[in-house]
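**Student:** Once you've had a glance at the structure underneath, I'll fire off some questions.
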Amino acid sequence: PVVENVHVEGILRRTTAPAPGWTPELQERAESRVAALLNDFDYVGVIGVEFFETAEGELLANEIAPRVHNTGHWTQDGAGTSQFENHLRAVIGLPLGDTSARHAAAMVNLIGRVPEPVGTLLPDGAHLHLYGKSSRPGRKLGHVNLIGADAGEVAEAADRIEGSAPIG
């Protein structure tokens with residue numbers, strides 16, 4: 001589904017899937033724009049396309065990532081098939097898996113430092129993914145995927161994670 005990204009200091013901080021303002025019409029518009037791009041380039045694999053939605057409802061491309069992308073990390077725990085698996089399936093010619101969201105989902109990047117794991121893992125439906133990188137300001141060290149039946153509860157849990165993992 002179309003997702004919503006929130007950036008802090010130019011770095012992706014949170015992705016929410018599906019986007020709070022998601023509609024079938026928005027999905028269709030985004031998919032048709034991306035499909036035209038993929039067809040023009042005869043592209044195979046996962047691609048991340050980030051749009052700005054204007055007040056008039058126009059979609060303006062902001063970033064195109066011809067690879068798996070941080071925006072899709074929520075799919076590891078929240079979609080029928082993750083972006084990583086589907087990328088491999090596409091490249092080796094296997095049928096693609098279901099990309100629909102199984103639940104409400106959010107991904108919170110851990111930037112600069114990793115909070116205490118106990119605090120991070122407290123919410124039900126939280127999945128911690130660490131990259132094994134050393135701490136450094138502005139560096140993505142991992143992310144937490146939050147999955148649940150209620151979008152409001154997932155958003156509240158994401159707020160708590162962000163509060164325990166300030167950018168630093």
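**Student:** Suppose we filter region 60-101 for residues that are touching a Leu at 6+ places or on another chain (Cβ under 8 Å) and assigned to a strand (DSSP E or B); how many remain?
**Tutor:** Summing the residues that are touching a Leu at 6+ places or on another chain (Cβ under 8 Å) and assigned to a strand (DSSP E or B) in region 60-101 gives 1.
**Student:** Oh, and also: Consider region 16-29. How many of its residues are farther than 30 Å from G138 by Cβ and surrounded by fewer than 11 Cβ atoms within 10 Å (Cβ to Cβ)?
**Tutor:** Matching residues across region 16-29 total 2.
**Student:** Okay, next question. Quick one: in region 58-101, which of the residues that are open to solvent by less than 50 Å² (accessible area, probe 1.4 Å) and of a type in the set (A, V, I, L, M) is farthest from S32 (Cα to Cα)?
**Tutor:** Per the stated criteria, the residue is A79.
**Student:** Any residue at all in region 114-128 that's modelled with pLDDT of 95 or more, within 22 Å of V8 (Cα to Cα) and of a type outside the set (D, E)?
**Tutor:** Looking for residues that are modelled with pLDDT of 95 or more, within 22 Å of V8 (Cα to Cα) and of a type outside the set (D, E), one finds none in region 114-128, hence no.
**Student:** Any idea which of (1) outside any strand (DSSP E or B); (2) in contact with a Gly (Cβ under 9 Å, 6 or more places away or on another chain); (3) of a type in the set (A, V, I, L, M) is the one V34 doesn't satisfy?
**Tutor:** (2)
**Student:** For A105, are the conditions met, namely being surrounded by 12 or more Cβ atoms within 10 Å (Cβ to Cβ), part of a helix (DSSP H, G or I) and either of a type in the set (S, T, Y) or at negative phi (or both)?
**Tutor:** no
**Student:** Moving to a separate point now. State whether the residues of region 114-125 include one that is of a type in the set (S, T, Y), open to solvent by less than 70 Å² (accessible area, probe 1.4 Å) and without any contact (Cβ under 8 Å) to a residue 40 or more places away in the chain.
**Tutor:** There is no residue in region 114-125 that is of a type in the set (S, T, Y), open to solvent by less than 70 Å² (accessible area, probe 1.4 Å) and without any contact (Cβ under 8 Å) to a residue 40 or more places away in the chain.
So that you can scan it fast, the table gives a plain yes or no per residue for (1) under 28 Å from S164 (Cα atoms); (2) open to solvent by 60 Å² or more (accessible area, probe 1.4 Å):
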| residue | (1), (2) |
| --- | --- |
| V8 | yes, no |
| R14 | yes, no |
| E31 | no, yes |
| V34 | no, no |
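**Student:** Scan region 135-155 and report the pairs whose first residue is part of a strand (DSSP E or B) and whose second residue is among the hydroxyl-bearing types (S, T, Y) and open to solvent by 60 Å² or more (accessible area, probe 1.4 Å), with Cβ atoms within less than 8 Å and a gap of 6+ or a chain change.
**Tutor:** Partner pairs satisfying both residue conditions: K140/Y131; L141/Y131; L141/S135; G142/Y131.
**Student:** Is it the case that region 41-57 has a residue that's open to solvent by 80 Å² or more (accessible area, probe 1.4 Å), in a helix (DSSP H, G or I), at pLDDT below 95 and more than 30 Å from S164 (Cα to Cα)?
**Tutor:** So far as region 41-57 goes, yes, one or more of its residues are open to solvent by 80 Å² or more (accessible area, probe 1.4 Å), in a helix (DSSP H, G or I), at pLDDT below 95 and more than 30 Å from S164 (Cα to Cα).
**Student:** Moving on. Here's a check for you: in region 129-168, which residue that is closer than 20 Å to T71 by Cα and modelled with pLDDT under 80 is surrounded by the most Cβ atoms within 10 Å (Cβ to Cβ)?
**Tutor:** Taking the candidates together, the pick is A165.
The values are calculated or read from the model by the stated rules, or taken from the named source; none is laboratory data. Just so you know, these numbers come straight off a predicted model, no measurement behind them. Don't worry about glycine lacking a Cβ; one is built from the backbone with ideal geometry, like all the others, and counts go over all protein chains shown. Note: areas computed on protein heavy atoms with side chains; ligands, DNA, RNA excluded. Shrake-Rupley method; radii C 1.70, N 1.55, O 1.52, S 1.80 Å.
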